[in-house]
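The values are calculated or read from the model by the stated rules, or taken from the named source; none is laboratory data. Being a predicted model, the structure only gives us computed values, none of them experimental. Using ideal geometry, Cβ is built from the backbone for each residue, glycine included, and neighbour counts are taken over all protein chains shown. For the accessible areas, the whole protein counts, side chains as well, though only heavy atoms, and no ligand, DNA or RNA atoms are used. Shrake-Rupley method; radii C 1.70, N 1.55, O 1.52, S 1.80 Å.
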Amino acid sequence: MNDDQRTDTFTAPIDDRYFDNCTAGATHEYGSVTGTQDEIVDFSSRYDPQSVHVDPVAAERGPFGRPVAGGWHTSP
């Protein structure tokens, strides 16, 4: 994402940001991380132990047809 695609910027420093500093619908890019299936299963086993995250056989029968990382993987 370049500066033209960004819809909002924070005016408060990162150590002084609160929910009120967020604008609904704003987008920000923070980079990306690639994880292995083993890392996803390990993390999910501890924090989000749903079958779509930790059991490849059960995940195949789920809505995605394969194992997927949980939403907690997106929290900073």
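Side notes on the structure shown:
- Top-ranked residue of the stretch 26-42 - restricted to ones that are surrounded by 11 or more Cβ atoms within 10 Å (Cβ to Cβ) and among the acidic types (Asp, Glu), ranked as nearest to residue 9 (Cα to Cα): 39
- Subset tally (residues that are open to solvent by 90 Å² or more (accessible area, probe 1.4 Å) and either among the small types (Gly, Ala, Ser) or under 20 Å from residue 10 (Cα atoms) (or both)) for the stretch 48-76: 2
- Condition check for residue 45: open to solvent by 60 Å² or more (accessible area, probe 1.4 Å) and under 14 Å from the mean Cα position of the chain (by Cα): no
- If only residues of the stretch 5-35 that are within 23 Å of residue 73 (Cβ to Cβ) and part of a helix (DSSP H, G or I) are counted, the one that is modelled with the lowest pLDDT is 14.
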